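Remarks on the structure that follows.
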Amino acid sequence: PESRRSSIAELEAEHGDGAYREYELNLPGNDHEPYLCSRVLRVREFSDYFFSSGCRVWDASAALARLIWDENACQEKDVLELGAGIGLAGLAAAVDLARRVVLTDNEPLLLPNLRHNAGNMRRQLSEEDWEEPATLEVAQLDWSAPPADLVATHGTFDVILASDVVYSSGAVAGLVGAIRALLKPDGTLFMSYAGGRHGQAQFKAELEAAG
């Protein structure tokens, strides 16, 4: 796109504080899990789509964050978010008492903001005196890389999170291969997306074929 910048420094020099804005997501308390209380999850997103669609929080990401919170899906688990963008779902997993959360994206210009959001979450959890707050990491991950290389670099996970990552049929095989390699045999994939996008039917079919 014409608005794309070549570096974070260039973006911040041009827009200053206007390069970013705060996004808030309300996570209501859960009567079935008494240790869970109502929270407001705050993340920094970009004010425009400067680099990619991952610059902003999408509805599917907010829906996924609420789902894993409501289901208490990540407690004491190792969690990977693919195509994290802003990292909302992965950070919700950290608040949900995950053991380890790795936020990943293949767009290098999104990683500094992911680190910013992860750092804020680490500070928040530390200030709240959580006994064992989640380990939060940020890494670049290209799911078209060979599965063995992905596992050697990132390990395997109990839970994989992904939202709005299927846009074309051309990306499906690599994504399914990465999920199969990175997800533990008894692990769980939580995925959300708006209906009707190209490649979704093929993705579902290949997931089923992969078991």
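The values are calculated or read from the model by the stated rules, or taken from the named source; none is laboratory data. Bear in mind that the values here come from a model prediction, so they are computed numbers and not experimental data. When we count neighbours, we look across all protein chains shown, and the Cβ atoms used for this are built from the backbone with ideal geometry, even at glycine. For the accessible areas, the whole protein counts, side chains as well, though only heavy atoms, and no ligand, DNA or RNA atoms are used. Shrake-Rupley method; radii C 1.70, N 1.55, O 1.52, S 1.80 Å.
7 Å from Cα along Cα→Cβ at both Thr156 and Ser6: what's the point-to-point distance in nm?
4.3 nm
Please work out the FRET efficiency for the pair Ser53 and Ser169, using the Cβ-Cβ distance as r and a Förster radius of 22 Å; give the result to the nearest 0.05.
Efficiency, rounded to the nearest 0.05: 0.80.
How do the peptides 134-144, 191-201 rank, highest first, by the average count of neighbouring beta carbon atoms within 10 Å per residue?
Top to bottom by mean Cβ count within 10 Å: 134-144, 191-201.
Within 15 Å, Cβ to Cβ, of Asp17, how many net charges do the neighbouring residues add up to if Lys/Arg are +1 and Asp/Glu are -1?
On the way: positive: Arg21, Arg44; negative: Glu12, Glu14, Glu22, Glu45, Asp48.
Taking every other residue near Asp17 into account, the sum is -3.
Using packing as a proxy for protection, rank 88-95, 119-126 so that the peptide with the highest average count of other Cβ atoms within 10 Å comes first.
Those peptides, ordered most packed to least, come out 88-95, 119-126.
Among (1) 21.4; (2) 12.2; (3) 14.5, which one is mean projected area of the Cα convex hull in nm² computed from these coordinates?
Evaluating mean projected area of the Cα convex hull in nm² on these atoms matches (2).
Can you sort Glu107, Glu127, Glu14 by solvent-accessible area, 1.4 Å probe, largest first?
Heavy-atom accessible area, descending, gives Glu127, Glu14, Glu107.
Quick check: net charge around Ser163, other residues with Cβ under 10 Å of its Cβ, Lys/Arg +1 and Asp/Glu -1?
Working: positive: none; negative: Asp59, Glu81, Asp164.
Result for the neighbourhood of Ser163: -3.
Relative contact order for the chain: what percent, with Cα pairs under 8 Å and sequence separation of 6 or more?
For the chain, the relative contact order is 16 percent.
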